[in-house]
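Here's the structure, in structure tokens; my notes come after.
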Amino acid sequence: YELSQSDEQELLSGSKDIEIRPAVPYSLPRGANDADRLAEATGAVSASLDLDVALEKVAEQTAHLLQLESAAVFLFNEDADNLIFRYWSKDDQAWAKNFYKLGDFLDQAKAISLVRERGEPVFIDNVHESDLLPAELVSQLKVQAIALLPLVTARGVIGFISAPRRHPYRWELSDVRLALALVTPSATAIEYARLFNILQQHNSRTEVLNTMSQLFNTLPDPNQRLELILNRIMEIMGLDAGLILLIDQDTGGLKVVAHSGLSTNATLDLTEPPLQQFHKLACMVTALGEPLRLDGKNPTIQDLYAPLCAAGFCDMMAVPLMVSNTIFGVWLVGSRTMRTEEDLTLFSTIGQQLGLTLKNAYLLRSTSEMEALREADRLKSGFIATVSHDLRSPLTAIRASVESLLDRKVIQSTNEQEHLLHNIADQAGRLGRLVDQLLDLSRIEAGALPLDRDWTELPVLIADTVTKFEALNNGFKVECDLSARLPLHYVDPDRLVQVMWNLLENASKYASPSDPIRLDTFWTGAEVLIRIADRGPGIPTGEREKVFQHFYRLDRDRRSHTQGSGLGLAICRGIVQAHGGRIWVEDRPGGGSVFCIALPLPPPDPIVLEGLEENDLYPLSVKEK
């Protein structure tokens with residue numbers, strides 16, 4: 001506290017009392033040293049994978065560690081120059097909010113440029129004596145000293161921590177050391193939370209796509225159930241309003257065929273706001289053939305935004321229902337909360353899927369049933385291939401980020417952090433397997449599944465597969481009875497391993513570890529039989545054929561939230577049929593299921609048999625028989 005001359009005289013004369021209080025609202029326990037304080041702060045910032053919580057904890061622990069009244073965290077937005085802002089304040093919330101004004105001076109502040117472009121920390125003892133912050137900003141911040149600490153990860157500088165003081169302050173060497181020691185675990189914790197947030201978003205989007213695929217596949221004529229489709233989409237995606245308009249084949253104009261959340265009337269008057277703005281937006285999408293998002297940031301369509309805001313909507317998205325450059329209509333959704341560009345991508349994907357479904361229905365009505373089904377399968381396969389491509393790009397980024405973080409030896413992580421990080425990697429791998437399944441399914445349905453055949457010793461191949469499966473699934477035992485009389489078989493070994501691995505995983509998923517899985521092989525003289533049996537709950541008779549359909553799952557699995565995409569058995573059937581074989585499921589005596597694979601022996605081909613002895617192809621006892 002700096003005393004004026006008059007204050008000093010009054011104090012000395014005893015006519016004035018002065019209350020002496022600590023300069024910061026946070027007091028450390030006695031005996032706490034810098035190492036203890038830093039360890040406590042590091043543990044606190046790493047305790048949550050929720051991004052908002054992690055940002056708030058970083059700001060809070062920075063204030064505690066440096067004995068500040070407030071602190072703030074800024075993250076650079078990857079899509080624009082604006083900042084994502086979180087702050088923590090002990091007392092004066094209004095004063096702490098002044099830090100948000102830093103974002104308005106992003107291009108003018110030299111200090112922020114040093115942090116963002118060079119990754120250098122900035123410590124200013126007196127902001128009035130420094131040219132690193134614009135004079136206008138200094139007058140608004142109401143701080144006298146400030147430190148800007150860069151948050152650096154493998155991706156570069158992702159943001160910075162703002163550590164302000166209300167009075168001029170000379171930053172000591174101990175302050176600098178503590179601050180720089182905290183930013184590394186803080187950046188790591190924020191990056192972990194960001195990756196976990198991305199993973200949750202992709203899991204949610206995958207679930208939405210699977211749900212939509214199942215819904216569309218169960219509707220023979222979606223034109224008659226568009227109201228149901230729209231309500232279901234709004235329910236699972238948390239939307240407030242929706243509208244589907246299809247192009248009238250006679251007039252060429254847009255006609256409302258389904259709506260929700262806009263009016264209680266069966267018919268809508270498109271000349272009244274906000275429906276008039278909805279209709280204008282739909283016409284623009286039809287003309288451009290591209291998705292549009294109305295959130296108030298696009299000046300070219302600003303006149304449409306105000307009436308929507310007046311109606312309570314702050315975000316509006318419209319996507320064309322288009323297949324092969326042919327537009328069937330427009331799907332519009334409105335939300336009373338802000339959405340993101342990633343939401344627009346997801347809406348566009350569902351719009352493509354809905355467009356494909358409408359195209360399929362059109363084909364069913366306009367041509368013979370067989371030709372329409374062929375075209376529907378082709379379009380559906382194209383959709384699956386497109387979705388697979390869209391999912392693979394973010395998955396590659398997730399894997400690269402996780403692997404980069406795992407390889408950084410300088411990061412000090414607790415066992416719990418390591419466990420969570422490996423969990424992120426495992427889930428990313430799970431999504432990757434889903435993408436591979438979608439790609440395999442599209443190739444199977446297109447009749448273009450590649451097979452790299454070779455003469456293979458099936459007992460050796462099966463034994464190796466079982467050994468690897470048991471090693472990766474501790475607690476599960478596979479009892480094998482492999483016939484030594486099996487002939488060499490001309491198959492794709494990798495694809496056959498894929499089939500067996502999927503069936504073994506299914507068996508382990510539904511059976512307890514105390515009941516071993518049984519794998520048997522036989523040779524009938526014309527076919528090789530492979531049987532995988534478990535002691536699970538079994539499959540009802542009426543659903544034994546349906547389980548081999550793509551995206552089909554048993555009701556009990558959906559109710560119990562058992563993991564699975566409904567693609568594994570469909571892919572197994574496709575691979576087996578590509579080899580000319582059969583696959584089916586039976587009841588196992590005593591309870592459980594038996595999955596059977598029958599692979600016929602190919603006719604001898606002089607080219608592929610060249611160089612092989614007869615004894616190599618058929619066992620002696622079979623030749624004699």
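Explain nothing, just compute: Karplus ³J(HN,Hα) = 6.51 cos²θ - 1.76 cosθ + 1.60, θ = phi - 60°, for every residue of the stretch 164-172 in order, whole Hz, x for Gly and Pro.
Each residue of the stretch 164-172 in turn: x, 9, 6, 10, x, 8, 8, 5, 7 Hz.
Distance in nm between label sites at E457 and V497, each 7 Å beyond Cα in the beta-carbon direction?
About 1.6 nm separates the two model spin labels.
How far, in nm, would the chain grow between I236 and D36 when pulled straight, counting 0.36 nm per residue and subtracting the alpha carbon separation?
Result: 67.3 nm gained on full extension.
Hey, which of these cross-link pairs are over 22 Å Cα-Cα: K477/K509; K280/K359; K110/K142; K468/K509; K255/K359?
Exceeds cut-off: K280/K359.
Using a simple spin-label model with points 7 Å from Cα along the Cα→Cβ vector, what separation in nm is obtained for D515 and A311?
5.6 nm
Would you rank F548, F522 by solvent-accessible area, highest first, keeping every protein chain in place and using a 1.4 Å probe?
F522, F548
Given the Cα-Cα distance of E129 and K546 and 0.36 nm per residue of separation, how much length would full extension add, in nm?
Roughly 142.5 nm would be gained on extension.
Quick check: at a probe of 1.4 Å, how many percent of the accessible area of the stretch 424-554 sits on carbon and sulfur atoms?
48 percent
Please report the projected area of the stretch 145-198's Cα convex hull averaged over all directions, in nm².
Working: hull surface 16.7 nm².
Projected area, direction-averaged: 4.2 nm².
Please list the non-local residues whose amide H lies under 5 Å from the amide H of H579, H modeled 1.01 Å from N, same-chain partners needing a gap of 5 or more.
It is none; the list stays empty.
Please compute the net charge surrounding V491, taking Lys and Arg as +1 and Asp and Glu as -1 over other residues with Cβ under 13 Å from its Cβ.
-4
Ignoring ligands and nucleic acids, what accessible area does R535 show with a 1.4 Å probe (Å², nearest 10)?
Accessible area of R535: about 90 Å².
What residues have an amide H closer than 5 Å to that of V491, excluding those fewer than 5 places away on the same chain, when H is modeled at 1.01 Å from N in the peptide plane?
So V491 has HN proximity to D454, T456.
Top to bottom by accessible area (1.4 Å), largest first, where do W501, W88 land?
Result, largest first: W501, W88.
Please give the contour-minus-distance gain from R485 to N325: 0.36 nm per residue of separation, less the Cα-Cα distance, rounded to one decimal in nm.
51.9 nm
Please calculate the 1.4 Å probe accessible area of T465, with all protein chains present, and give it to the nearest 10 Å².
We get 10 Å² for T465.
Given a Förster distance of 60 Å, report the FRET efficiency between T524 and D50 from their Cβ-Cβ distance, rounded to the nearest 0.05.
Calculated value: 0.55.
The values are calculated or read from the model by the stated rules, or taken from the named source; none is laboratory data. Note that the structure is predicted; figures quoted are calculated from it, not measured. Methodologically, a virtual Cβ is constructed for each residue, glycine included, from the backbone with ideal geometry; neighbour enumeration extends over all protein chains shown. The area values use the complete protein model at the heavy-atom level, side chains included, leaving out ligands, DNA and RNA. Shrake-Rupley method; radii C 1.70, N 1.55, O 1.52, S 1.80 Å.
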